[in-house]
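Trainee: First the structure, then my questions, so here it is.
A short reminder: the numbers here are calculations on the coordinates, not readings from a lab. As the structure is a prediction and not an experimental result, all values here were calculated from the model. Using ideal geometry, Cβ is built from the backbone for each residue, glycine included, and neighbour counts are taken over all protein chains shown.
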Amino acid sequence: MQRLRNVCVASLLVWLGGCSSTPNNYHTLVPSEPVRDSGQRIQVVRVAVPPQVDRPQLVVRQGQSGLAILETEWWGANLVDEFRSALQDLLGGPAGGGKASLRVDVQRFDTVPGRHASLEAVWRLKQQGQAELTCHTSVQTAADNSITSLVNAHQANLRKLAEAVRGSALQGSCRA
């Protein structure tokens, strides 16, 4: 009887051990350093991202045509919400209402382990009393195989996009 009980307990422990899973890691596009107030107020009113990557899990490219959903590497929110929050933070936030509105249509948001993170977007900036600008930004930042490096590269790409938007707002035309 004692032996049967020991076998049952051992079996139960093995079974329960098989139920454990790798914990999820969470990442954000929002910069850890607060952005200095530039005095510009640009409100991000809409962001669209490709449906293949708009999910809470990170999606990476595999080869020429493959995608892999990383089940244990997650954004803090769906990608579209992460992107909008990070861009809004980089543009100074809408405190007191923005003097300009921004709509962003992300064409590509590629994560290629061991190579780079890339961002391609068409964006529309409408400032009070001015014609709407429709501009295009395409940026790429090198990254190694680590998830941290890839996320940091995406953060750098968002900073470059925010700089392009701010520069265009100041000069009233799309930056080259």
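Trainee: Most exposed first by the Cβ proxy, i.e. fewest other Cβ within 10 Å, how do R41, R46 rank?
Mentor: R46, R41
Trainee: With both partners inside the range 26-171, how many of the DSSP beta bridges are antiparallel, as a percent to the nearest 5?
Mentor: 80
Trainee: In whole Hz, with x marking every Gly and Pro, tabulate ³J(HN,Hα) for the range 52-61 from phi via Karplus 6.51 cos²θ - 1.76 cosθ + 1.60, θ = phi - 60°.
Mentor: 5, 10, 7, 7, x, 7, 5, 10, 10, 7
Trainee: Once you put a point 7 Å from the Cα of H136 and another 7 Å from the Cα of Q107, both along the Cβ direction, what distance in nm separates them?
Mentor: Placing both labels 7 Å beyond Cα along the Cβ direction yields 0.4 nm.
Trainee: To continue, here is another question. All other residues with a Cβ under 10 Å from the Cβ of V44 taken together, and with Lys, Arg as +1 and Asp, Glu as -1, what is their net charge?
Mentor: +2
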